[in-house]
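First up is the structure itself, then whatever we jot down about it.
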Amino acid sequence: MCGIVGIVNHGKISIKNDLLKSLKRLEYRGYDSVGYATLEGKVEKEIGEISKFIDQIQDSTTSCAISHTRWATHGGVTKTNSHPHWDCKKNIFTVHNGIIENYQELKTELINKGHVFITETDSEVISHFLEEELKSKNMMDAIKSFINRIEGTYAILVIEKGINKIYAIKKDSPLVLGIGRDRFYLASDIYAFSDSTNKAIFFEDGEFAVVDPDMYTFYNCDGKEIKKEIYDFTWVIPQEESVRDYPHYMLKEIHEQPIASQRLINSLDGEQHDKINKIAELVKKSNRVVFTAAGSSYYASLLGVYFLNRAGINAHTLIASEFQNFMLVDKNTLFIAISQSGETMDVVTATKWAKERGAKIVSLVNVPHSTIQRMSDISLEIHAGPEICVAATKTFTNQVVSLLYLSHLLGFSVNMKTIPSKIDYVIKENEEAIKRLADELYEKKDIYIIGRGLSYPPSREIALKLKEISYIHAEGMMGGELKHGTIALIEPGTPVIALIPGKDFDMYSNAKEVEARGAKVITIANMMDSDFKMDITINDGKFSILAVIIGQLLTYYIAKKKGLPIDKPRNLAKSVTVK
Ligand code: G6P
C-alpha cells in the first residue's frame, strides 16, 4: 500500500517542484519511505517523510521519472527496501502499490536463473521478472507475460534507462493517467495532479498503457489496443482556515466540524437532495440494507444500522475485510459502502463481491471520483473537505450526519438543523475541561469506554482514536458486556468513560458497577450527571456525534501532552489499499 507518481514531459521537470510535489499529495497513502528514479538511471531513496527528503536532496531535472511513497508490507522500513527497485543490470526501474502474492515462487525461479535480489520486498521481483522476459521479448510482450504470471494486486510504473516512456500496469490497486498541458502523469489518484489538470483516464483491472511525451496508448491484458474515455473532473476544494492557525491538522479538522456539517446539510437539502431521496427509495424497495466499511467508517455504519432499525428498516453492517465470510447478499439487498477515501481495498473487494451477486450499490465517500464512487449505482458525497490527519474526525461526523439525514427521510426523528450549532457548543464549552482531563490521563496504560445502543458505536470510535493517536490501549465496549469478563481488569484508578445518552439507567448502572470497583469514571451524558456540557435535551441521535467529538479532543490533547506525531501516527496510513 503506497502512493506512486510518474511524469513524462516534453521538456524538463524538476524532481523537487514537480515530481515530489505531486507525490507529497499522496503521502496519506503511507509515509515510511520515499524514492524516485529517472530515465537517466538516477535513483535516490530514503526512509521517512517526503518533506524531509525534499530538504535533503539536491534538485535535478529530467523529462521522465517515477516516484513512490511507501507503507511497508513485505520487508522492514529500510532504505534498501524502499522503492524504486531495479533489475540486475540497473536498467529497469519500477515502483509498485499492492502485493505480489506469488513473489516467493517467482523469486526462487529467478534466483535459479542467476538473478540477484537485494531487498526483502515482494515488489523487487517485478524488475527481475521483466528483465528475464526481455531477453527474448519486447517490453509489450514482457508485460503481457507479467499479467499472466503474477498473482496479487498491483499498480506499477516501469521505466527503462535511456527511454523516455513510462509503462503503467494495473490490477486491483488504483491507477490513473492525468493529461496535462505539456505532460502526462501516472498516479495512484487524481489528488496527485488535480492542481494542474482536470482531465484523467482511469485504468481498469488488467489494463496497461505506454506513455511517452507525445501520446498514450492503452491495451487490454492480451495486448489489444483499447480506446478509453477521457474523464473531465471538477473538484471544488472548499475554502477553509489555514493550518497555520493550528498546531496540527487534527485540531484544525476537529474545529472545522460545525462548518463541514453545515456544508453537508446544505448540500443534502440542495444539490444532493434528489440523490438522497433516491437512496431512501432504494432502502424502501430492498429486503434489507447491508453496510460495509473499515475503521472509523465502520463505526459510522454501526450508527447507520441503529438509526435505520429505529426507523423500522432491516439493516446490518460488517467490517469489510470479513464481509464475504460472514454475510450474504442478493439482488434484493441494498449494499451501502462507507469510505472516506473511497479506496480502502477491503471495502473495494467487498463492494465488487456484492455487485457480482446483484446487490444495488450505494456509497458514501468524501473523495469524489474515487474507486468506490465509480463502482456505485448512487454515491453520496459527504463534503467534509480534504482531511489530512490520518485519524478521521470531520469525515466520521459527516458520515453520521448523512446517515441521520437518510434515516430521517425514512422516519427516524431528528432535528438536523441544530447539528452544527450543537457541535460548536460542545467544542467551545468543553475544550478547557478536556485539556485538564488529558493532563490527568496521559500516563494511563488502559482506558475503557462503555456505551449502549446509540452510545455503543461512539465508544468504539473513541477507543480507536485513543489507540491510533495517543498510543493508549483503549477498549470501546457494550456496557452490558462488561460484567461478562472485562470487569476483571478494572482496578482502583482505571479510567472508564461512560457514554450515557438521555436517561439510560442501564448505562448509568454499568457506570456505577465499575465505580464500585474503584474505577475512575468519567461521564459523557446529556440528561444525567456529566463531566461535560452538551446542550441537548432530546435523545435524537446527535448525542453520538457530540460524544465522539469530546473523545476526539481528549485524544488530541493526550497525544499533544505526550509529544506524539499527531497527524502521522506510527505504522498507519490514511488510505489502506492492501487487504
Ligand atoms: C485507515 C485509516 C482510518 C480509516 C480507515 C477506513 O485505517 O487509518 O482512519 O477510518 O482506514 O478508511 P476509509 O477511507 O475507507 O474511510
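Things worth noting here:
- Residue check for Ser363: open to solvent by less than 30 Å² (accessible area, probe 1.4 Å), under 27 Å from Pro420 (Cα atoms), free of Cβ contacts under 8 Å to residues at least 60 places away in the same chain and within 17 Å of the chain's Cα centre (by Cα): yes
- If you go through region 17-60 and pick out every residue that is part of a helix (DSSP H, G or I) and either closer than 17 Å to His85 by Cα or open to solvent by less than 50 Å² (accessible area, probe 1.4 Å) (or both), you end up with 12.
- Some residue of region 480-498 being within 30 Å of Gly48 (Cα to Cα) and modelled with pLDDT of 95 or more: no
- Checking Ile147, Ile201, Ile118 one by one, the residue that is at pLDDT 95 or above and in contact with a strand residue (DSSP E or B) (Cβ under 6 Å, 6 or more places away or on another chain) is Ile201 and no other.
- Positions within region 332-343 being among the polar types (S, T, N, Q), near the ligand (Cβ under 8 Å from one of its atoms) and at pLDDT 95 or above, in sequence order: Ser339, Gln340
- Qualifying residue in region 488-506 (condition: within 16 Å of the ligand (Cβ to nearest atom), of a type in the set (A, V, I, L, M, F, W, C) and either under 27 Å from the mean Cα position of the chain (by Cα) or over 30 Å from Lys24 (Cβ atoms) (or both)): no
- For region 546-579, the tally of residues that are more than 16 Å from the ligand (Cβ to nearest atom), open to solvent by less than 10 Å² (accessible area, probe 1.4 Å) and in a loop (DSSP other than H, G, I, E, B) stands at 0.
- Selection count where residues are of a type in the set (A, V, I, L, M, F, W, C), touching a Ser or Thr at 6+ places or on another chain (Cβ under 6 Å) and closer than 14 Å to Tyr298 by Cβ, scope region 335-371: 5
- The one condition in (1) touching a helix residue (DSSP H, G or I) at 6+ places or on another chain (Cβ under 8 Å); (2) farther than 30 Å from Gly493 by Cβ; (3) surrounded by 17 or more Cβ atoms within 10 Å (Cβ to Cβ); (4) not assigned by TED's automatic domain parsing to the domain that holds Val283 that Ser379 fails to fulfil: (4)
- Yes/no for Val305 being more than 18 Å from Pro457 (Cα to Cα), away from the ligand (no atom under 14 Å from the Cβ) and modelled with pLDDT of 95 or more: no
- The listed residues are Ile7, Ile13, and the only one of them that is more than 29 Å from the chain's Cα centre (by Cα), assigned by TED's automatic domain parsing to the domain that holds Thr153 and hydrophobic (A, V, I, L, M, F, W, C) turns out to be Ile13.
- When region 210-221 is filtered for residues that are assigned to a strand (DSSP E or B) and surrounded by fewer than 22 Cβ atoms within 10 Å (Cβ to Cβ), the ones remaining, listed by number, are Val210, Tyr216, Thr217, Phe218, Tyr219.
- Filtered residues of region 125-141 (kept if in contact with a Lys or Arg (Cβ under 8 Å, 6 or more places away or on another chain) and acidic (Asp, Glu)): Glu131, Glu132
- Ala168 of a type in the set (Gly, Ala, Ser) and in contact with a Ser or Thr (Cβ under 8 Å, 6 or more places away or on another chain): no
- Ala474 vs. criteria surrounded by 18 or more Cβ atoms within 10 Å (Cβ to Cβ) and closer than 16 Å to Leu554 by Cα: yes
- Restricting attention to region 526-579, the residues that are of a type outside the set (A, V, I, L, M, F, W, C), more than 25 Å from the chain's Cα centre (by Cα) and within 17 Å of Ile497 (Cα to Cα) add up to 5.
- Yes/no for Glu40 being over 27 Å from Gly342 (Cβ atoms) and not aromatic (Phe, Trp, Tyr): yes
- Only one of Phe543, Phe532 that is aromatic (Phe, Trp, Tyr), open to solvent by 10 Å² or more (accessible area, probe 1.4 Å) and either outside the structural domain of Arg70 (by TED's automatic domain parsing) or in contact with a Pro (Cβ under 6 Å, 6 or more places away or on another chain) (or both): Phe532
- Residue match in region 83-92 (condition: of a type in the set (A, V, I, L, M, F, W, C) and open to solvent by 10 Å² or more (accessible area, probe 1.4 Å)): yes
The values are calculated or read from the model by the stated rules, or taken from the named source; none is laboratory data. In this text, all values refer to a predicted model and were calculated from it rather than measured experimentally. As a convention, Cβ positions derive from the backbone with ideal geometry for all residues, glycine included, and neighbour counts pool all protein chains shown. Side chains included, ligands, DNA and RNA excluded: accessible areas come from the protein's heavy atoms. Shrake-Rupley method; radii C 1.70, N 1.55, O 1.52, S 1.80 Å.
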